[in-house]
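Engineer: Questions regarding the structure given below will be posed in turn.
The values are calculated or read from the model by the stated rules, or taken from the named source; none is laboratory data. Treat the numbers as computed from the prediction; the structure is a model and nothing was measured. Here Cβ is always computed from backbone atoms with ideal geometry, including for glycine, and neighbour counts include all displayed protein chains. Side chains are part of the model used for accessible areas, which takes the heavy atoms of the whole protein and leaves out ligands, DNA and RNA. Shrake-Rupley method; radii C 1.70, N 1.55, O 1.52, S 1.80 Å.
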Amino acid sequence: MDADSPSAASFVSPVPSTERACPPADATVLAPGITGVVLTHNGERLLRQCLSSLAAFCDVILCVDSGSADASQAIAAEYGASFVHRDWEGFDRQFSYAQALVNTRWFFILDQDEICPLPLGRKIRKAIDAADAAADTPQDSPVAFSVGRRSWYFDRFMKHSGWYPDHILRVFRTGFVEFYQDAHIHYRPLGGKEHLGGPGAEIVHYPYTGFAHQLAKISSYADQGAAALRARGKKGGVARGIVHGFSRFLRIYILKRGFLDGKAGFLAACHGSFYAFLKYVRVLDASWGEPFDEK
């Protein structure tokens, strides 16, 4: 699964999920160390690289799978990962479920199309060791760390277009984060947070296999975004879709300097614009000819 792709959705205020985080865990019953958590669904394309990067610094690897029909389970077994099935109910509920299964003091979320370079893994390990040593209770030290991410799109790693720099919360003390979702997943730490950065210490992300793959994701994000707008009583429509789509193109390509990303920047702006248009159009209701009534 791709929990937080930078390409499609505009971020809006989180809508609280009905599934809350588990209560803050008692550190005395959690083992020291860190669990790598991956949500999987037909992710064999990059799953070996993903799990191999986690195995280099994580004590445990946990895959929560939503019904893969490919070799995901076999690949997980190669790396000694726990592989647990749970029907898909959204990122927030999947992550809440995963957190409840973690038995280490910390966990690190990595998408199945991402790779964690070893320098970043070492920084994460050093940071959580320092946090554990500095305080007896999580209130006295960070309970979450954000990391950098660079994403490949079309023919390059994006350096502008709102895709970079991309700082995302991914490292959490078990029991001290809540998950919310609208079109994207949001993480809310129950305590302090810090950023881990530095050259060569960023997640490497390969979100798409091609245009068809991107359009399928855009369609899914647009459906979720439209549902979030509808839930907040926001109006949709073709005119609003055109205005928001055009504004999003200008923001990505001009304000976020997407033109400096060459063809990739232009294509990213076009697809981002299309996402915004679809989101507002899909707020509308229509019969779509059902039931069929030929006159």
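Engineer: What is the local net charge at Lys256, summed over the other residues whose Cβ is closer than 14 Å to its Cβ (Lys, Arg +1; Asp, Glu -1)? Provide the component values of the computation, followed by the final result.
Structural biologist: On the way: positive: Lys159, Arg248, Arg251, Arg257; negative: Asp166, Asp261.
After counting each charged neighbour, the total is +2.
Engineer: Kindly flag which residue pairs out of Lys126/Lys256; Lys159/Lys234; Lys126/Lys193; Lys123/Lys159; Lys123/Lys263; Lys123/Lys256 have an alpha-carbon separation exceeding 25 Å in this structure.
Structural biologist: Numbers: Lys126/Lys256 34 Å; Lys159/Lys234 33 Å; Lys126/Lys193 15 Å; Lys123/Lys159 23 Å; Lys123/Lys263 34 Å; Lys123/Lys256 29 Å.
Lys126/Lys256; Lys159/Lys234; Lys123/Lys263; Lys123/Lys256, as the Cα separations exceed 25 Å there.
Engineer: If you count, for each residue, the other Cβ atoms within 10 Å and average over each peptide, how do 211-222, 87-98, 162-173 line up from highest to lowest?
Structural biologist: Order by mean packing, descending: 162-173, 87-98, 211-222.
Engineer: Quick one: grab the alpha carbon gyration tensor of segment 75-115, order the square roots of its eigenvalues as a ≥ b ≥ c, and give me rounded if a/c is under 1.5, else prolate or oblate depending on whether a/b is larger than b/c. Numbers along the way, then the final one.
Structural biologist: Numbers: a/c = 1.40, a/b = 1.20, b/c = 1.17.
The shape class here is rounded.
Engineer: Next up: Summing +1 for each Lys or Arg and -1 for each Asp or Glu, what net charge is found among the other residues whose Cβ lies under 9 Å from the Cβ of Arg86? Show your work: numbers first, answer last.
Structural biologist: Working: positive: Arg93; negative: Asp65, Asp87, Glu89.
Local net charge: -2.
Engineer: Taking the Cα atoms only, what angle lies between the long axis of helix 238-250 and the longest principal axis of the chain, rounded to 10 degrees?
Structural biologist: Once rounded, the angle reads 50 degrees.
Engineer: How far is helix 211-231 tilted, in degrees, relative to the longest principal axis of the Cα atoms in the chain, given as a value from 0 to 90 rounded to the nearest 10?
Structural biologist: Tilt of helix 211-231: around 90 degrees.
Engineer: By how many degrees, 0 to 90 and rounded to 10, does the Cα axis of helix 91-101 deviate from the longest principal axis of the chain?
Structural biologist: Taking Cα atoms only, the helix is inclined about 10 degrees.
Engineer: Using the charge dipole of the chain (Lys, Arg: +1 at Cβ; Asp, Glu: -1 at Cβ; taken about the Cα centre), state which of Ala76, Tyr206, Phe172 has its Cα farthest towards the positive end.
Structural biologist: Tyr206
Engineer: Per-residue ellipticity at 222 nm for the chain, helices alone: DSSP H runs ≥ 4 residues times -39500 (n - 2.57), over residue total, nearest 500 deg cm²/dmol?
Structural biologist: Details: 7 runs with 98 residues, N = 295.
Estimated from H runs of four or more residues: -10500 deg cm²/dmol.
Engineer: When the Cα centres of segment 213-257 and segment 33-106 are compared, how far apart do they sit, in Å?
Structural biologist: 30
Engineer: Is the C-alpha gyration tensor of the chain telling us rounded, prolate or oblate? Criteria: a/c under 1.5 is rounded; beyond that, a/b larger than b/c is prolate, otherwise oblate.
Structural biologist: prolate
Engineer: Taking the Cα centre as origin and putting +1 on Lys and Arg beta-carbons and -1 on Asp and Glu beta-carbons, what dipole magnitude results for segment 89-160, to the nearest 20 debye? Mind showing how you got there, number by number?
Structural biologist: Working: 10 positive and 10 negative charges, 82 e Å.
The calculation lands at about 400 debye.
Engineer: Also, I was wondering about something else. What is the sum of charges around Pro32, taking Lys and Arg as +1, Asp and Glu as -1, for the other residues whose C-beta is under 13 Å from the C-beta of Pro32?
Structural biologist: Values: positive: Arg105, Arg125, Arg173; negative: Asp59, Asp129, Asp132.
Summing Lys and Arg as +1 and Asp and Glu as -1 gives 0.
Engineer: If you don't mind, there's one more thing I want to ask. Counting heavy atoms of the protein chains only and a 1.4 Å probe, report the per residue accessible area for the chain as a whole number of Å². Walk me through the numbers before you get to the answer.
Structural biologist: Values: 13860 Å² over 295 residues.
Here the per-residue accessible area is 47 Å².
Engineer: Which order do the peptides 142-152, 61-71 come out in when sorted by mean C-beta neighbours inside 10 angstrom, highest first? If you can, show how the numbers build up before the last one.
Structural biologist: Values: 142-152: 20.6, 61-71: 18.1.
Most protected by this proxy first, the peptides run 142-152, 61-71.
Engineer: Here is a further query. With a ≥ b ≥ c the root eigenvalues of the C-alpha gyration tensor of segment 184-295, is it rounded (a/c under 1.5), prolate (a/b larger than b/c) or oblate? Don't skip to the end; give the middle numbers.
Structural biologist: Working: a/c = 2.09, a/b = 1.60, b/c = 1.31.
Because a/c hits 1.5 or more and a/b exceeds b/c, segment 184-295 counts as prolate.
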